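Structure first, commentary second.
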Amino acid sequence: MFILHPNDSTFITAGQDTMLTSLFRLIEVLIRHPDYQRQLREEIIRKREECGGQDFDYDALMSLPLLDAIMRETLRLYPPVSLMPRTCVYHSD
């Protein structure tokens, strides 16, 4: 039996929100740069042919350099969490 701790649901929901924001920004970047969209599509098609038309495993996905570069640049330009304010609770000496 799997029991979900009350804090786990908050963590999962927060993670989904940042992932969703990142994916929407990635799509926006690709729409604004159709040349990169075309190159990325070609890279994915080539890799899919190398994999025999099967879905990618983790290693195949990680071997897509243009996808990695575009995702990293998207996260650099549009971080899903740009500011996380913190408050000091205890004073240290």
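The values are calculated or read from the model by the stated rules, or taken from the named source; none is laboratory data. These numbers were taken from a predicted model, which means no experiment stands behind them. Counting neighbours? That spans all protein chains shown, and the Cβs are built from the backbone with ideal geometry, glycine included. The protein model used for the area step is the full one, side chains on, heavy atoms only, and it has no ligands, DNA or RNA in it. Shrake-Rupley method; radii C 1.70, N 1.55, O 1.52, S 1.80 Å.
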In order over the range 19-34: 3J(HN,Hα) from phi, Karplus 6.51/-1.76/1.60, θ = phi - 60°, whole Hz, x for each Gly or Pro, gives 5, 4, 4, 5, 5, 5, 5, 4, 4, 4, 4, 5, 5, 6, 10, x
Given unit charges at Cβ for Lys, Arg (+) and Asp, Glu (-), the dipole magnitude of the range 17-69 about its Cα centre in debye, nearest 20, is 240 debye
Summing +1 per Lys or Arg and -1 per Asp or Glu among the other residues with Cβ less than 14 Å from ARG32's Cβ gives -1
Whole-percent carbon and sulfur contribution to the accessible surface of the range 51-93 (1.4 Å, no ligands, DNA or RNA) stands at 57 percent
